[in-house]
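Reading through the structure tokens given below for one structure.
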Amino acid sequence: MASVSFFVRFVAIVLLVVSIVYCDLVGHGKHELVNGKIVKLRGNTKMAEKPEDLELYKNRVGSCDVEMDKDGHITLWYLKHSNTAKEGCSIDLVVRDALDPNSEFPMRFGIQHNKELTDCLADMRFDWERERADNMSAMTSNLLAFSFSLKNGEFDRVKGGFAERHKKFCGDVPKCKDRGGKCLEVGDHSVGWARSGDYIRVNIQHIGETIFWTCQSKVTHNRHEADVLHHFDKEMDFTNCIKTPRDYFCFKEKNVRRPKKWRITDEDYTDKEYSSLFTFHILPITSMQTSMQNLWIECDKDADKEDCNENAAFQQCDKMFVKFPFYVFKMLVPDDSVNKQTTTEKTTTMVTCPTCDPYVNCPDIDCPSFFGCPDVDCPAKKDSKKTLQITLVIVGSIIL
């Protein structure tokens, strides 16, 4: 009898474990990601078709300062001392499934100033013979940190910087440590702007890495604006730049954060062309502050330098921006038709919750927020099969 009861309990536990579906929440809308697919869009559920469609999104917590031009390009603005610079932000975009594998995720990074760019760009004093810059701290004068495809609490975890990890996470321990770096679990990104003589120079700097890659633009600094196109493909490089080998010292190449697209299987989302979700995140200054100050400004050796204070802006020019081309990206925003319907119902009767997916150990859900059901980060979905399995576990335990 004991062996039978043990077998029943064992089978019940196995069935319970294998059937649990864990759900990650991703993006600004906190969409449900299960087994690499978006099973439920939340918050931002509709493709923006005109500039006015962005207003509901821009009024939400954690939103970016974005605008849509007449052609449909989405521009994300990064202003000095703005809330985006201090807190970071997230944007939800949809892309086609069949992107060119050799040219995925093209984004245009740029910089603007109300005067000539020479007024706000530091000179790197690049030495072509030695192939190095004499003033490497110049790129920290205008620096934009970003990431993509973050899950759950990953965004919150990087706000205060990246914690040092075991040396096994380093790509090359001596070269990382000798240059003042520390071993990191993941490599996120930043783009820095400077000049080399009369020409704009844009730099790719992985946050916390002790080396960076630089590209000289054909644009001179006596203009008000400059931008470059970046293709986040396998090489993760700017276009029209000399391809240079990539070495990673403070983390492994496989742990460089790369963009992902998740197929949308939510039945309420009906667009068949733009059928995958891509999330983009501006990281707050605090995510890169300590590492950039110590590595490039050497604040750990002389904390009295001007750019070593805790309020250092890492931005001298008025604006930096990221532009998402309309032919690749569409932006997801709240569906205002749902809000109008809710407002109309509220004038005649009490608002009731739409049916929400049941969860295990979730708090009770009362009246929904302005945008529908509350976003709840729950460990697993609950269904009738799981209920049966839990019952079997209990029965097996009693028998034993």
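When you scan segment 301-319, how many residues do you find that are of a type in the set (A, V, I, L, M) and touching a Lys or Arg at 6+ places or on another chain (Cβ under 9 Å)?
Adding up the residues that qualify gives 1.
So which strands (runs of 3 or more DSSP E) are wholly in segment 27-110 and hold at least 1 residues that are in contact (Cβ under 8 Å) with a residue 40 or more places away in the chain and not hydrophobic (A, V, I, L, M, F, W, C)?
Output list reads 31-34, 37-40, 74-79, 89-95.
Among the listed residues 244, 210, which satisfies the condition of being in a loop (DSSP other than H, G, I, E, B), at pLDDT below 75 and farther than 26 Å from residue 278 by Cα?
Result of the check over 244, 210: 244.
If a residue has to be of a type in the set (S, T, N, Q) and more than 20 Å from residue 91 (Cα to Cα) to count, how many in segment 243-269 make the cut?
Going through segment 243-269 one residue at a time, the tally reaches 2.
Among the residues that make up segment 293-313, is at least one of them modelled with pLDDT of 80 or more, over 20 Å from residue 26 (Cα atoms) and in contact with a strand residue (DSSP E or B) (Cβ under 7 Å, 6 or more places away or on another chain)?
No: zero hits.
Can you name every residue in segment 116-148 that is modelled with pLDDT of 90 or more and either in contact with a Cys (Cβ under 6 Å, 6 or more places away or on another chain) or over 19 Å from residue 321 (Cα atoms) (or both)?
120, 142
Select from segment 314-324 the residues that are under 20 Å from residue 147 (Cβ atoms) and assigned to a loop (DSSP other than H, G, I, E, B) and list them in ascending order.
Matches in segment 314-324: 314 only.
The values are calculated or read from the model by the stated rules, or taken from the named source; none is laboratory data. Values in this document were obtained by computation on a predicted structure and should not be read as measured data. Note: ideal-geometry Cβ built from the backbone for every residue, glycine included; neighbour counts use all protein chains shown.
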